[in-house]
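What follows draws every value from the coordinates through simple rules; no lab data is involved. Model, not experiment: these values are computed from the prediction. We place every Cβ from the backbone using ideal geometry, glycine too, and count neighbours over all the protein chains shown.
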2 protein chains.
Amino acid sequence: MTIKDIAKETGYSIGTVSRVLNNHPNVSEKARKTIMEAVDRHGFILNVSAKNLKTVQSENIIIVVKGTFNELFPVMVQRIQMYFRETRYTLITEYVDEEADEVTRARQVCLEKKAIGLLILGGNKENFEKGFDRIKIPAVLVTNHAGDWGFENLSSVSTDDTEGAKKAVEFLLKKGHRNIALLGGTVGSDTSTQRRLGWEKAQEEFGIKKKDFGPCVGGRYSFEAGYEAMKKLLKSDKKVTGVFALADVMAIGAISAISDAGLSVPGDVSVIGYDGIPIGAYFCPKLTTIRQSIDKICDRSCEILVDCLENEGKTRHEFIPFTLDERQSVKKI
Amino acid sequence: MTIKDIAKETGYSIGTVSRVLNNHPNVSEKARKTIMEAVDRHGFILNVSAKNLKTVQSENIIIVVKGTFNELFPVMVQRIQMYFRETRYTLITEYVDEEADEVTRARQVCLEKKAIGLLILGGNKENFEKGFDRIKIPAVLVTNHAGDWGFENLSSVSTDDTEGAKKAVEFLLKKGHRNIALLGGTVGSDTSTQRRLGWEKAQEEFGIKKKDFGPCVGGRYSFEAGYEAMKKLLKSDKKVTGVFALADVMAIGAISAISDAGLSVPGDVSVIGYDGIPIGAYFCPKLTTIRQSIDKICDRSCEILVDCLENEGKTRHEFIPFTLDERQSVKKI
DNA sequence: CAGACATATTGAAACGTTTCCAAATGTGTG
DNA sequence: CACACATTTGGAAACGTTTCAATATGTCTG
């Protein structure tokens, strides 16, 4: 069943059928009705390959996900998937490893799939500086802020990570904690860098000298890494009362480690996380955290991309507000 | 840059270039080398639209995910995504709502995208009976068993849900529990039905009469539903000592509810889950559960599909072994 | 070295659209 | 009613491949 069959059946030419299918003006109401009726009756589906061949482009949007361990990402991909479900676009997912160059890979995939739009989940500035100018289609960086990166076709949607982290640490400080450990972060991750900055700022503004900052233990955003990092911290001689974990998953891993060490949260150590993942509200103790509006970040990213695609919208760099969800894992001392 | 340019540049015809690109026999070593060299030099990428137009099919595989709340699914999609990353196939994800007819939707999407293979995550028998015979491409049902559904081109990979559930409940029984509640399950979900069956079987074989079976509270697989279901159970006059949750997420929700009610797990109530999600190992108390090898289920599903696609492999129905991970949420009484 | 094969290559048609130009039809004006 | 103009329609080329029949080239055998 092709456009040709519809044409034959309705007595119109294929040109007219094509115009009807594409909502072109200059086609009579009568033709439109006759043709649509035949289309519906046969359940005719346009051959996308032929269309794309002719129009040179596709309706593919690529989402490149940088990092295969972050448990937040698959859920975000789901949300984005569901956004595009209602549209004519096809979303194609590509996961790239932590160490890989997400920008180069993005470029390749976009070329292969003839993509017209790009979303990048995670990623870091250096790789963008190296290769992003070769990507010519509208793109949105999700989760990181790219306001000062200076790319013409790159938008970004994120929370203000520095501010969020600062708020978290301030919260601990106000609760009387002074020796606040930083848990997590991998080199080359922009998010880590920003959040770490917030941790430093908060302490500075509270008058703590750089040399008196709490200890740092790196690790990627996972339960396991959080557990291991905390274990290491507990074994060391630093006596911390508060822990700021760069991600909720790490916070949970950390609490698990504390509990395994026979200590209690928040009795012996207070822990605050970052992200606001659902489990946080059900964990025991319930996790105090900086909650990003993951859903809003996703939706807004999609909206901006579509706007760039369909209305030649300008690129934008938006912060989505975060909130501090006070629950049970932080205690005043 | 098209095949034609490559042809012009190398002095061969486009037919020859095409054959080189498709690894056809009957092309000289010399031609192959000259052409590949030019291809690489220009970073030439074949126009998939043109190819698909000509060959009538695509290299698209669809994964239809039935259910947008199950937190396990996005992670499984990620795993499957990563499997196909190494192949020439393109995986296209489609989420369908809990109440929707996943089979009809799958058929539509396959048609639209000219898919050659199909994966379905979740789903229930009735919908398959209604419409699966209209799907003509190889398909694999992931997570459910379809051995006795009788479809020619449908394989399936799952754990033996009935056995798994039975094992879980037997474990509680052996620990001395007699009044064992069943938490979770939605009508029309095959997984729920199977697991519930296991719960019944275990009690029967233990000599418990049907009328003495523990209480059931339904709900979908989510923290929230688990929490609410457990709350309801606690408010009722049934005094259960053991809870079998049909999913880890529900188990965690339940534990949270128990803890909020001032009771302890496993002190007052023992809880066993099902799935083996990562958080289970870090939760407090650490969750005793039936662990499915999610990764293996995913990988095996992909392997079978590819085998059907490339080697005309026969359909298969495989069970992937599960294990009972004993941790801390169940106590002997 | 001629003939018979096997192997390698060419050329052209076809896939199902979109889009542009030209032709046909309709509508309003003086 | 003739003309200009707007609207609608038809026809054909073009997009970049694959594939098949036909042709060219090479190789072996007696």
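A few comments on the model shown:
- In degrees, nearest ten, helix A:102-113 long axis to first principal axis of chain A (Cα): 20
- Mean Cα-pair separation over length for the range B:3-46, i.e. relative contact order, pairs under 8 Å, 6 or more apart, %: 38
- Each label point was placed 7 Å from the Cα along the Cα-to-Cβ direction; for B:E312 and A:D5 their separation is 2.6 nm.
- Evaluated with a Cβ-only charge set (Lys, Arg +1; Asp, Glu -1), the range B:138-276 carries a dipole of roughly 660 debye about its Cα centre, given to the nearest 20.
- For chain B, the longest principal axis of the alpha carbon atoms and the long axis of helix B:190-205 meet at an angle near 40°.
- Inter-probe distance in nm under a simple model that places probes 7 Å from Cα toward Cβ, at B:K332 and A:S293: 5.3
- For chain A, the relative contact order comes to 15 percent (Cα pairs under 8 Å, sequence separation of at least 6).
- Per-residue mean of foreign Cβ neighbours for B:193-206 is 0 (Cβ atoms of other chains, 10 Å radius).
- When DSSP beta bridges are restricted to pairs lying wholly in chain A, around 10% turn out antiparallel.
- Think of the protein assembly as shown as a dipole: +1 on every Lys or Arg Cβ, -1 on every Asp or Glu Cβ, centred on the Cα centre; then among A:L234, B:M36, A:G123, A:L234 lies furthest on the positive end.
- Placing +1 on the Cβ of every Lys and Arg and -1 on the Cβ of every Asp and Glu, with no other charges, gives chain A a dipole of roughly 200 debye about its Cα centre.
- Ranking B:A281, B:Q292, B:F244 by Cα position along the charge dipole of the range B:161-292, where only Lys, Arg, Asp and Glu carry charges on their C-beta atoms, puts B:F244 farthest toward the positive end.
- Evaluated over the Cα positions of chain A, the convex hull gives a direction-averaged projected area, one quarter of its surface, of 19.9 nm².
- C-alpha long axis of helix B:29-42 to longest principal axis of chain B, angle in °: 70
- Estimated FRET transfer efficiency when R0 is 25 angstrom, pair B:F151-B:T323 (beta carbons, to 0.05): 0.25
- Cα gyration tensor shape of the range B:3-46, rounded if a/c is under 1.5, else prolate or oblate by comparing a/b with b/c: rounded
- Using a 7 Å projection from Cα along Cα-to-Cβ, the label point at A:L111 is separated from the same position in the remaining copies by 3.7 nm, smallest value first.
- Given +1 at the Cβ of Lys and Arg, -1 at the Cβ of Asp and Glu and no other charges, the dipole of the range B:186-267 around its Cα centre is 280 debye to the nearest 20.
- The range A:161-293: relative contact order as a whole-number percent, Cα under 8 Å and 6+ apart: 25
- Spatial offset of the range B:207-235 relative to the range A:158-183 amounts to 40 Å, using the alpha carbon center of each.
- With its label point put 7 Å out from Cα toward Cβ, B:I45 sits 2.4 nm from the same residue's point in the other copies, in order from shortest.
- Of the peptides A:262-269, B:216-223, the order by per-residue mean of other Cβ atoms within 10 Å, starting with the highest, comes out as B:216-223, A:262-269.
- Global form of the range B:206-333, assessed from the alpha-carbon gyration tensor, a/c cut-off 1.5: prolate
- Ranked from shortest, the separations from the 7 Å Cα-to-Cβ label point of A:A31 to its equivalents in the other copies are 4.5 nm.
- Residue order, fewest to most beta carbons within 10 Å, for B:E59, B:E94: B:E59, B:E94
- Potential extension, A:E29-A:K54 segment - 0.36 nm per residue separation minus Cα distance: 6.4 nm
- Modelled label reach - A:V187, point 7 Å along Cα→Cβ, the range A:80-122 residues with backbone N closer than 11 Å: none
- Projecting the Cα atoms of A:V140, A:V103, A:V271 onto the dipole axis of chain A, where Lys and Arg carry +1 and Asp and Glu carry -1 at the beta carbon, places A:V271 farthest toward the positive end.
- Estimated from helices alone, the mean residue ellipticity of chain A at 222 nm is -13500 deg cm²/dmol (sum of -39500 (n - 2.57) over DSSP H runs with n ≥ 4, per residue).
- Residue-averaged beta-carbon neighbours from other chains (10 angstrom radius) around A:247-260: 2
- Annotation: the antiparallel percentage among DSSP beta bridges lying fully within the range B:161-292 is about 5.
- Arranged from fewest to most other beta-carbon atoms within 10 Å of their beta carbon, A:H42, A:H317 become A:H42, A:H317.
- Relative frequency of Cα-Cα separations exceeding 38 Å in the protein assembly as shown, percent: 43
- For the range A:216-255: rounded, prolate or oblate by the Cα gyration tensor [a/c cutoff 1.5]: prolate
- By DSSP, the beta bridges lying fully in the protein assembly as shown are antiparallel in about 15 percent of cases.
- Candidates B:D148, B:D101, B:D190, ranked by Gaussian network fluctuation over chain B, Cα under 10 Å, top entry: B:D148
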